[in-house]
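Only one structure is covered here, and it is reproduced in the block below.
Values quoted throughout were computed directly from the atomic coordinates according to the rules given, and no laboratory measurement underlies them. Since the structure is predicted, the reported quantities are computational estimates derived from the model, not experimental observations. A quick note on method: Cβ atoms are made from the backbone with ideal geometry, for glycine too, and the neighbour counts reach across all protein chains shown.
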């Protein structure tokens, strides 16, 4: 049923809907270079970007159909999630922005949507997607790339060479028809856009947005659900809207349980009516939106249960001897000098040597990737 627009929403909503198209790569949070935008101009800019995102959304939407168990050598959902966790560990290891991670996961899912690959090629494809995402981010932000392909290969333990990654990167770019300077709209772009629109709407109506809707928390939750195959085929705009209002509902529930905090009913009405207007404008199906909400709740609740475990393990890195020699070239140095025997006629003149405390894992084959070395048992970030 259509929800009528509240009189206080009327000044902004029609202006937004009449706005023209805008470039999706524009910075939503930055002010105009010449002067600060007025609320009406900011609303026009945001809804112009919204219309542009709607036109480009289908290009970045994966449609994966992976089996739970491999029968004929197919890539399974477990292998897909393992690759996504490897990408997130690389993001944490190098302290990369979330844009790189979400873009790399999106590239990986779209490539598996188009191409049927063998499990042995998944490690190389994973590192190649991260390599392309780094190149795209450097081009979008006009910055210099600081991580080389060799470093990615060494840390990821993908059992491939830098040349393999470069060749696979060219294959991915060709199969996905990636064009330089044309960035694909991801769920992270939708999340930032919808949050900015909600902030503007709340400010216009005099409603205080809950503290739980901070961008950092929303982005972290998006990373969590993006690493789970259950949410991979969810429409990116629906996923962003569900995540935004999931955090909003959590905060409102906490406020309602606290007797000291009183929220006017009209404030909650303004916030949820805005979501209804976005749903109608983006033509989101009610059943699809409810299904996406159920999947997100399941993934997040499972993550929160793991978070609550006291005996959980920290991030575990399993290094082979080859990698350890690269990272620790001084592992043969000793901490104590051997004792020099004065008697030349001693039976055993060879002194005992005390080696350093460096400990490496067993020399394992790399065929079990991505279980080794950077698949986390649990990650705090």
Of 156-169, 274-287, ordering from highest average Cβ density within 10 Å down gives 156-169, 274-287
If I model a spin label as a point 7 Å beyond the Cα along the Cα-Cβ vector, how far apart are those points for residue 341 and residue 74 in nm? 6.7
Report the Stokes-Einstein translational diffusion coefficient (µm² s⁻¹, integer) for the stretch 133-245, Rh taken as the Kirkwood radius over Cα pairs, at 4 °C with viscosity 1.567 mPa s. 76
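Could you sort the peptides 229-242, 36-49 by per-residue average Cβ neighbour count (10 Å cutoff), highest mean leading?
Highest mean packing first, the order is 229-242, 36-49.
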Let me have the relative contact order for the stretch 64-175, percent, based on Cα pairs under 8 Å that are six or more residues apart. 26
Plugging the Cβ-Cβ distance of residue 287 and residue 250 into 1/(1 + (r/R0)^6) at R0 = 25 Å yields, to the nearest 0.05, a FRET efficiency of 0.60
Taking N as the number of residues in the stretch 67-193, the ratio of its alpha carbon radius of gyration to 2.2 N^0.38 Å works out to 1.02
Label points 7 Å out from Cα along the Cβ direction at residue 322 and residue 115: separation in nm? 2.2
Between residue 170 and residue 59, what's the calculated FRET efficiency when r is the beta-carbon distance and R0 is 22 Å? Round to 0.05. 0.65
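Please work out how much length the chain gains when fully extended from residue 272 to residue 145, using 0.36 nm per residue of separation minus the C-alpha to C-alpha distance, in nm with one decimal. Before the final figure, lay out each step's value.
Working: separation 127, 0.36 × 127 = 45.72 nm, distance 4.13 nm.
Between residue 272 and residue 145, full extension yields 41.6 nm more.
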Two-site label geometry, residue 298 and residue 280: point separation in nm, points 7 Å out along Cα→Cβ: 3.1
FRET efficiency for residue 94 and residue 182, using Cβ-Cβ distance with R0 set to 30 Å, rounded to 0.05: 0.75
So for each of 171-177, 133-139 I average, over its residues, the number of other beta carbons within 10 Å; can you give me the resulting order with the highest mean first? 133-139, 171-177
